[in-house]
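Chemist: Okay, here's the structure, questions in a sec.
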Amino acid sequence: MALVEPTGELVPRYPTDRASLERHCHLETYRAGGPGGQHRNTSDTAVRLHHRDSGVTVTATERRSQLQNKELAFERMASRLKALNVVKKPRRATKPTRGSVERRLQGKKQRSSVKAGRKPPRRYND
């Protein structure tokens, strides 16, 4: 749900600019596994971001540099929060009612009986 300002503008539920993300996110660094050599295996290069308000958590462990992983994690967090900010349209009922189904079937029966009446009578060879 987006908030509505007194001016009539929609304000996103979760702001996605970098400054507000840094304010609302808890940053945690840890040692990433996998290939990457001595530098990656001995320093805390992996980054985990936890957004306190929404509970969303993202990680970035691809790069050997903590700074690059941090940038990647903030980009991922912004995209996840943008997806949460999207206001979905309410669904409309499309299932036909029981009455309309019965009326349609009754009409089909009538049409088939009219068409059956147009056929010439069957002759049986005895």
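The numbers here are math on the coordinates, done by the rules we state, and not lab data. Note that the structure is predicted; figures quoted are calculated from it, not measured. As a convention, Cβ positions derive from the backbone with ideal geometry for all residues, glycine included, and neighbour counts pool all protein chains shown.
Chemist: So, in region 93-112, of the ones that are among the hydroxyl-bearing types (Ser, Thr, Tyr) and assigned to a helix (DSSP H, G or I), which residue ends up farthest from residue 15 (Cα to Cα)?
Modeler: Per the stated criteria, the residue is 112.
Residue-wise test of (1) surrounded by 16 or more Cβ atoms within 10 Å (Cβ to Cβ); (2) of a type in the set (Asp, Glu).
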site	(1), (2)
35	no, no
41	no, no
49	yes, no
53	no, yes
62	no, yes
73	yes, no
